[in-house]
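Some notes on the structure that comes next.
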């Protein structure tokens with residue numbers, strides 16, 4: 001039988017208990033079907049016989065050290081997954097959906113900050129009609145045969161590695177934690193690998209996006225405004241992070257009950273007594289809370305809570321130059337009081 005599209009393990013699992021052979025390309029546990037199937041089977045129900053994977057074959061043809069190459073399965077994932085990882089000197093081998101996807105990848109690279117990337121299209125690796133084709137991104141790619149993969153050598157700079165990306169990288173309506181404040185906020189949140197962030201009042205989604213770019217594992221965001229929620233989802237998709245960012249259209253604190261336990265929580269300006277009280281109940285010991293207070297009322301609330309529970313306070317006051325006739329002067333932004341505390 002043929003694999004269903006989109007991919008589904010149900011036809012194989014329907015034959016559970018009967019001798020069944022699944023023929024899949026390469027190593028079943030290297031972006032293959034093995035991992036998907038074994039999640040539903042016990043150890044004694046299966047045997048695997050791996051063959052050289054697409055990534056191994058590609059590295060051998062190109063002479064690349066595989067341990068120095070990023071290997072991505074883009075046959076069922078968006079090209080935007082490349083955005084967080086591509087940068088000058090980075091090499092990537094990725095599987096593609098079909099022949100048409102090779103031209104789509106070339107167009108994506110040219111339109112997303114990597115017009116000078118060196119692209120090699122690899123067709124039918126390991127077979128008698130194998131072909132490796134270096135490609136200029138502006139070339140017309142015709143007659144690309146599956147199975148197909150691509151090798152990318154990036155020569156353009158990628159995203160900065162430090163927190164505080166330019167505001168212009170995010171679609172927003174003005175409701176965004178500005179770049180320098182975002183950098184200070186991410187420093188206080190202190191993302192670590194494997195950790196979950198709650199982003200309360202996601203706005204543009206910028207804090208959650210930078211949490212994920214800084215090695216955080218997942219984000220669960222609350223945003224009650226449907227327009228802003230849609231905008232935040234769009235930003236997340238552009239950065240290739242939709243598989244790790246979960247946005248819930250709900251208000252705080254009512255939306256907390258549906259979220260997994262957090263390692264850190266960010267409240268960006270909309271804190272109230274009910275929100276902080278509920279957070280203090282549901283946050284596990286050791287979780288970090290960062291609140292950015294903008295209004296006088298929220299500042300008073302934060303000062304009261306910090307007096308009772310400790311933590312650190314930071315007053316952030318920023319000014320930018322503006323034209324005053326033919327000269328310039330400083331215009332102060334609204335000051336922000338940042339409270340950071342560990343539960």
Name the pairs whose Cβ atoms lie under 8 Å apart, with the first residue in the range 45-73 and in the same structural domain as residue 120 (by TED's automatic domain parsing), the second part of a loop (DSSP other than H, G, I, E, B) and loosely packed, with under 12 Cβ neighbours inside 10 Å, and 6 or more positions between them or separate chains?
59/65
Determine which single condition residue 82 fails, assuming it passes every other condition in (1) surrounded by fewer than 16 Cβ atoms within 10 Å (Cβ to Cβ); (2) at pLDDT 90 or above.
(1)
Some residue of the range 317-327 being surrounded by 20 or more Cβ atoms within 10 Å (Cβ to Cβ) and touching a residue at least 24 places away in the same chain (Cβ under 8 Å)
no
For the range 29-50, give me each residue that is assigned to a loop (DSSP other than H, G, I, E, B) and within 18 Å of residue 146 (Cα to Cα).
31, 32
Checking the structure you have, find out if any residue of the range 212-229 is part of a helix (DSSP H, G or I), in contact with a helix residue (DSSP H, G or I) (Cβ under 8 Å, 6 or more places away or on another chain) and not assigned by TED's automatic domain parsing to the domain that holds residue 85.
no
Where in the range 92-157 are there strands (runs of 3 or more DSSP E), lying fully within it, with 3 or more residues that are touching a strand residue (DSSP E or B) at 6+ places or on another chain (Cβ under 7 Å) and under 20 Å from residue 31 (Cβ atoms)?
118-123, 148-153
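The values are calculated or read from the model by the stated rules, or taken from the named source; none is laboratory data. Remember, it's a predicted structure, so these values are computed and weren't measured experimentally. Here the Cβ is made from the backbone with ideal geometry for all residues, glycine too, and neighbour counts use every protein chain on show.
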